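This report refers to the structure that appears directly beneath it.
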Amino acid sequence: MARISFVELPAQNLKAAKTFYETVFGWSLTEFGPDYACTITGSVDLGLQGDPTEAPAAPLPVVEVKDLEAALKAVTQAGGTLTKQIFSFPGGRRFHFRDPNGMELAIMQPA
């Protein structure tokens with residue numbers, strides 16, 4: 001069953017965003033390089049994208065699936081529009097798309 005596993009937020013100042021969420025909510029955010037940090041709970045996690053060239057313009061729901069290629073096929077057959085082709089990242093692979101109403105989402109398959 002597919003589920004939302006991440007909500008990714010743009011973070012113009014990653015250090016400030018990381019400190020904020022750790023302080024306010026007591027969350028532990030793991031850093032993956034200089035531009036990305038996220039919680040790793042196994043539930044719905046928060047990702048902070050500090051690279052302005054990769055940061056979403058709005059919160060980005062990330063849906064976890066077991067078969068990324070099958071999900072890509074289903075998205076395109078249902079009328080979704082790809083915004084980022086499949087790419088690898090620490091922890092798996094994913095792609096981004098817009099639904100018929102223009103909302104951007106991502107689908108990931110863990111490594």
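The values are calculated or read from the model by the stated rules, or taken from the named source; none is laboratory data. This is a predicted model, so every value here is computed, not measured. Cβ sites come from the backbone with ideal geometry, for glycine too, and all protein chains shown count toward neighbours. Accessible surface areas use protein heavy atoms only, side chains included; no ligands, DNA or RNA. Shrake-Rupley method; radii C 1.70, N 1.55, O 1.52, S 1.80 Å.
Per-structure values
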read-out: Residue match in region 54-62 (condition: surrounded by fewer than 18 Cβ atoms within 10 Å (Cβ to Cβ) and either over 27 Å from residue 41 (Cα atoms) or aromatic (Phe, Trp, Tyr) (or both)); value: no
read-out: Residue match in region 66-89 (condition: touching a Phe, Trp or Tyr at 6+ places or on another chain (Cβ under 6 Å), touching a residue at least 24 places away in the same chain (Cβ under 8 Å) and of a type in the set (Gly, Ala, Ser)); value: no
read-out: Number of the condition not met by residue 37 [criteria: (1) over 18 Å from residue 89 (Cβ atoms); (2) open to solvent by less than 40 Å² (accessible area, probe 1.4 Å)]; value: (1)
read-out: Any hit, region 50-63, residues being of a type outside the set (Phe, Trp, Tyr), within 18 Å of residue 110 (Cα to Cα) and assigned to a loop (DSSP other than H, G, I, E, B); value: no
read-out: Those residues of region 28-48 which are over 12 Å from residue 15 (Cβ atoms), over 11 Å from the mean Cα position of the chain (by Cα) and assigned to a strand (DSSP E or B), in sequence order; value: 30
read-out: All positions within region 64-111 that are open to solvent by less than 60 Å² (accessible area, probe 1.4 Å), closer than 21 Å to residue 46 by Cβ and in a loop (DSSP other than H, G, I, E, B); value: 65, 91
read-out: Test: residue in region 23-31 that is open to solvent by 80 Å² or more (accessible area, probe 1.4 Å) and touching a Phe, Trp or Tyr at 6+ places or on another chain (Cβ under 8 Å); value: yes
